[in-house]
Amino acid sequence: MPTRDGGHLFLTCLIPVKRVGEGASAGAEGEGVPPSHRLREELALLPVAQQSPKTEAAGQESPFARCQRTHFLRLLVVDQPMFNGRQQTDPVVNALKSLLSFLPGIAPREISVPETHDVLGRPWLVLAADIDARDHEADGGLASWAEGLWRTSRAELEAIFRHCFGFEGVADGPGFARYLARCQLETTMSFNDYWEGRPPLTGVNLLTLGLGALALLLGVGVLVAEALGPLHLLWALPVALGLVALGAILWIDRVGARPFPPAPDSDLPSILKALYVQQWFALFVEQAQLMRPAERFDAFGRFLATVKPHALAAPTQKPGVVRSDWIYQEPPALGQVVRAPR
């Protein structure tokens, strides 16, 4: 799966963290504190999604929720890759080696063998984000997203990335965008679950491909026969067939690399509105169980007037908020049943 798929930009950045002595990030507490420790402190202090009425009332909003194109964003520090241990050997081969160990050149059996593994020379900050893409922009909208995030959350970004190598020269949104672009990796397995049915893909027409290959082979045969003689078809046609096969493979590979088209209503404002309508509709269904048909009809009209399903801007769910059944705290305008907050 590509970095850009289904109207989304799946951003993966691997950002080098400073080592001790590569920058003044330890502060007044001493130069011996590793910058990775400071970075972890900053990440631990970041507000996360508001998950309850108390967290929402505290006003601690995730800085990444201020950008209206960010679906998800995660930051983590990697010190060393996971080492899976020694590689187990084949027990059947070990048994045979044990029986034939008297022969020259047969090594004794080994239950396990050392496995090579990578060792990182410094910690790395991993940034993984799911962003609304902009296909009309050359980079899929990475630069405009990074610049918008810088405008809304510059203080938090500087507090985090000042512990990263090469960030010293970043002073504005375009500089931050270039910094992320230098650290970007290709996302090879993205997660996009917004398509409900089959996307309208335009694939390879096998009939057209076959007729084109046949026409090309016939053209090559006629040209070679006219120019060099019929006997030269013995080598010209296999070469032409190989070129046709190579061209077909390259064409199919190019078509297959195209990203899926954007799914309907898969941008962040639409997703937030869908979550908002879903939760209010669940409340309506619960309250409607105790209503007579006429009351239910009137209550559904009040539901539509209150929720406004086709109005994306408002009312809607706020970014960075995890809503649940404490939606009952909002003024009930759906029916006669009123519940206290749980």
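Each Cα pair of the chain feeds into the Kirkwood radius, which the Stokes-Einstein equation turns, at 10 °C and 1.306 mPa s, into a diffusion coefficient of 60 µm²/s.
Proximity of backbone amide H atoms, modeled 1.01 Å from N, is registered between H71 and D130, I131, D132 at under 5 Å, excluding neighbours fewer than 5 places apart on the same chain.
Here the label points at S270 and R302, each 7 Å from Cα along the C-beta direction, are separated by 3.2 nm in the simple model. A simple spin-label model places pseudo-atoms 7 Å from Cα toward Cβ; at L209 and E22 they are separated by 4.6 nm. For the chain, the longest principal axis of the C-alpha atoms and the axis of helix 142-161 are separated by about 70°. Extending 7 Å from Cα along the Cβ direction at W195 and again at L46 yields two label points whose distance is 3.0 nm. In the chain, the DSSP beta bridges split such that about 95 percent are antiparallel, to the nearest 5.
With all projection directions averaged, the alpha carbon convex hull of region 268-329 covers 4.3 nm². Once region 206-256 is represented by equal point scatterers at the alpha-carbon sites, with solvent omitted, what log10 I(q)/I(0) does the Debye formula produce at q = 0.13 Å⁻¹? Treating every Cα as an identical point scatterer, log10 I(q)/I(0) equals -0.34. Taking only the Cα atoms of region 145-189, the radius of gyration and Dmax are 10.8, 32 Å.
Where a number appears in this text, it was derived from the coordinates with a stated rule and is not lab data. This structure is a prediction, so every number in the text was calculated from the model and none was measured. Reconstructed Cβ throughout: ideal geometry from the backbone, glycine too, with neighbour counts over all protein chains shown.
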